[in-house]
Amino acid sequence: MTKKDNKRRIEYEFNKEEEKRKRRDRAPRAPREAVVEQEINENVIEGRNPVLEAFDSKITVEKILVSKGDSTGSVIKIISIAKEKGIPVIEVDRRKLDAIANSPHHQGVVAYITPYRYVELADILKIASDRNEKPFIMILDEIEDPHNLGSIIRTAELSGVHGVIIPKRRSVGVNSTVFKTSAGAVNHMAIAKVTNIPRIIDEMKEEGVFVYGADMKGDSFSYNTNFDGGVALVIGNEGKGLSRLVREKCDGIVSIPMVGKVNSLNASVAAGILMYEVMKSRITKVK
């Protein structure tokens, strides 16, 4: 091949690649907003301990899928309990479990359940009344991370909260990750899913509940706040914080003192600190 032929060859390859690049640039691209995230299935529980805990709860387990050939440890116990309760157990390929589960950490066990039964605000208020206690409620304003929701529910159950309220839109619901992260607390906590958080706050106020929003720029620090009487704590979105309308509806805004260089707390950590402030004031009052 002569130098002239070689040069032509190089030019041909270059022009060919250039034409491919131009076609790619001209091709329509889906906007970033059009990307749809994988939908979380709230009708399944995954993992060995969450499934075992479901047996002892009010949840109705419809059927259980286990990985073929996996009959060791707690899987044997799950199969045994399921047979006692008349719950179908089906052996499937592990790849099927991967496709059904909401995460890769299913440990070879997935349970189909009747959808979680959410309650109403009136049910939460009745729980407080039946215990002869002033209402203590958590309101979660667009919490999106199921790990945060699970952690908040777990702490709420331990600190005497009567119920948790979440919005129907732009918020995570009770799914398998929430069950797992809450360490079974979901089974013992009343959770309401509502259309309009500001409207629910108005209804709480009519019942004598004082509503505190959590924000770094609060009117007072949490340790100086009087949490006597009926209390609702509002925790905002992980990134945006409290929405404007919800913030305006709050009776007061409280902040948690911080002295470090990081100027914010994880939503579940902030919720935990505030819940224990309320619990502490109630325990001190009883003594």
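Starting from one equal scatterer on each C-alpha and no solvent at all, send me the Debye-based log10 I(q)/I(0) for region 117-239 at q = 0.16 Å⁻¹, two decimals.
For region 117-239 at q = 0.16 Å⁻¹, log10 I(q)/I(0) is -0.75.
Over the C-alpha atoms of region 101-156, what are the Rg and the largest Cα-to-Cα span, Dmax, in Å?
Here Rg and the maximum Cα pair distance are 15.4, 44 Å.
Return the loop-located trypsin sites (Lys or Arg not before Pro) in region 173-260 (DSSP other than H, G, I, E, B) with at most 15 other Cβ atoms within 10 Å of their own Cβ; answer none if there are none.
Values: sites: 180, 193, 199, 205, 217, 240, 244, 247, 249; in loops: 217, 240.
Passing sites in region 173-260 are 217, 240.
Measuring from label point to label point, each 7 Å out along Cα→Cβ, what is the residue 158 to residue 105 span in nm?
Using points 7 Å along Cα→Cβ, the separation is 1.7 nm.
What does the net charge come to around residue 103 if you take all other residues with beta carbon closer than 12 Å to its beta carbon, with K and R at +1 and D and E at -1?
On the way: positive: 180; negative: 46, 98.
Its environment carries a net charge of -1.
How do 221, 179 rank by accessible surface area computed with a 1.4 Å probe, from largest to smallest? Show your work: numbers first, answer last.
Details: 221 85, 179 10 Å².
Ranking 221, 179 by accessible area, largest first, yields 221, 179.
Take the solvent-accessible surface of the protein heavy atoms, probe 1.4 Å, and return the percent of it on region 138-236 that carbon and sulfur atoms account for. Don't skip to the end; give the middle numbers.
Values: 1690 of 3850 Å².
In region 138-236, the share of accessible area belonging to carbon and sulfur is 44 percent.
Given a 1.4 Å probe, how much area per residue of region 143-287 is accessible, in Å²? Don't skip to the end; give the middle numbers.
Numbers: 7060 Å² over 145 residues.
Heavy-atom SASA per residue in region 143-287 reads 49 Å².
If the viscosity is 1.567 mPa s and the temperature 4 °C, what translational diffusion coefficient in µm²/s does Stokes-Einstein give for region 168-234 when Rh comes from Kirkwood over Cα pairs?
On the way: Rh = 14.5 Å.
D, rounded to a whole number, is 90 µm²/s.
Take region 37-116, compute every pairwise Cα distance, and split them into 5 Å bins from 0; I just need the percent in each bin.
3, 16, 31, 28, 15, 5, 1, 0
The values are calculated or read from the model by the stated rules, or taken from the named source; none is laboratory data. Computed from a predicted model, the values in this text were never measured in an experiment. A quick note on method: Cβ atoms are made from the backbone with ideal geometry, for glycine too, and the neighbour counts reach across all protein chains shown. All accessible areas refer to the heavy atoms of the entire protein, side chains included, with ligands and DNA or RNA removed. Shrake-Rupley method; radii C 1.70, N 1.55, O 1.52, S 1.80 Å.
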